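Working notes for the structure below.
The values are calculated or read from the model by the stated rules, or taken from the named source; none is laboratory data. Since the structure is predicted, the reported quantities are computational estimates derived from the model, not experimental observations. We place every Cβ from the backbone using ideal geometry, glycine too, and count neighbours over all the protein chains shown.
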Amino acid sequence: MPNPVIQLNNVSFLRKDKRILHDICWRIEPGQHWALLGANSSGKTSLLRIITGYEWPSRGTVNVLGNEFGRCAISGLRKHIGYVSSALNTKLPENDSATDIVLSGIDATIGLHRHYSADEHKQAFESMQKMSVQQCKDQTYSILSQGERQRILIARAIINHPEILILDESCAGLDPAARNHFLNDLQILTSHDNAPTIIFVTHHIEEISPWITNVFILKQGVCQASGKTHDLLTSETLSDAFGCKCSVTKENRRYYLQVSEQART
Ligand SMILES: Nc1ncnc2c1ncn2[C@@H]1O[C@H](COP(=O)(O)OP(=O)(O)OP(=O)(O)O)[C@@H](O)[C@H]1O
Ligand SMILES: [Mg+2]
């Protein structure tokens, strides 16, 4: 069996006596791409912050790319993980150009703190090309549309050719056409040689494209289900996850969800 990309064993996370995650076990194999689902506050972002070493579990072990947390340098490991979250958006320097933002991914810094070579600029341009935003390269990041900004953040996240790419609600704020385009770009990205393993957080199952092989569902900090996409995206599982009557349909390899009842009390 190949070494897992990520392995969490019995991970629990408590803050101020509040149980945020409880006894999470998750093994991600090479070649898989996962969707992480769960209602608001179910613990998705907390789990990703543990995987990226920004939070430390209260119990359990975390192994990422063969490195056991507690026995490795997290800062070096982070260069192999691209992480895009909405929290990042608010921290970036307002007047930086799109190219500056992408370049800052090389050292995983907020802002640029050194001179970047012509080769590094070329790398940034290629990364923007992969996400179809090269035309924005000289524009000020803060004036870009939300869709363009999301793509620039992903270009930043993939500039070092990471082995893992984590996208926490990256489709939020995209119009239907932009979202479709963006999902197609991700599909192209996953088809490249040495494509990163993707963890894709979403509240919308129609964003779960055929390249997403597996699904992990959190409910109140506990793993409610984990397995193959086609086994888990069912009316029954999602009704349980979201606490309301959900009806799931599938058409042209895409999933659709209809909520047909108010949340259960
Ligand atoms: N450092 C912390 N201290 C205290 N509570 C925290 C901390 N981090 C997260 N929480 C709480 O843990 C719960 C889970 O938060 P988290 O952001 O992981 O949820 P989520 O599933 O990502 O939700 P959403 O879908 O709304 O993004 C929330 O109730 C949040 O307030
Ligand atoms: Mg979240």
Take segment 187-226 and flag every residue that is aliphatic (A, V, I, L, M), closer than 21 Å to residue 80 by Cβ and within 14 Å of ligand 2 (Cβ to nearest atom). 199, 201
If the requirement is being closer than 23 Å to residue 226 by Cα and either hydrophobic (A, V, I, L, M, F, W, C) or surrounded by 15 or more Cβ atoms within 10 Å (Cβ to Cβ) (or both), which of these qualifies: 40, 63? 63
Among (1) in contact with an Asp or Glu (Cβ under 8 Å, 6 or more places away or on another chain); (2) within 16 Å of ligand 1 (Cβ to nearest atom); (3) assigned by TED's automatic domain parsing to the domain that holds residue 216 - the single one residue 2 does not satisfy: (2)
Just checking, how many residues over segment 94-110 are at pLDDT below 90 and more than 25 Å from residue 46 (Cα to Cα)? 1
Flagged pairs (Cβ under 6 angstrom, 6 or more apart or on separate chains; first in segment 162-184, farther than 18 Å from residue 89 by Cβ; second at pLDDT below 85 and part of a strand (DSSP E or B)) are none
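Determine which member of the set 51, 110 is surrounded by 15 or more Cβ atoms within 10 Å (Cβ to Cβ) and of a type in the set (A, V, I, L, M, F, W, C).
None of the others qualify; the one that does is 51.
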Quick check on segment 15-37. Is at least one of its residues surrounded by 17 or more Cβ atoms within 10 Å (Cβ to Cβ), within 12 Å of ligand 1 (Cβ to nearest atom) and modelled with pLDDT under 95? no
Restricting to segment 155-174, name every residue that is at pLDDT 85 or above, under 23 Å from residue 40 (Cα atoms) and more than 16 Å from ligand 2 (Cβ to nearest atom). 165
Given the structure, is residue 104 surrounded by fewer than 18 Cβ atoms within 10 Å (Cβ to Cβ), over 26 Å from residue 213 (Cβ atoms) and more than 16 Å from ligand 1 (Cβ to nearest atom)? no
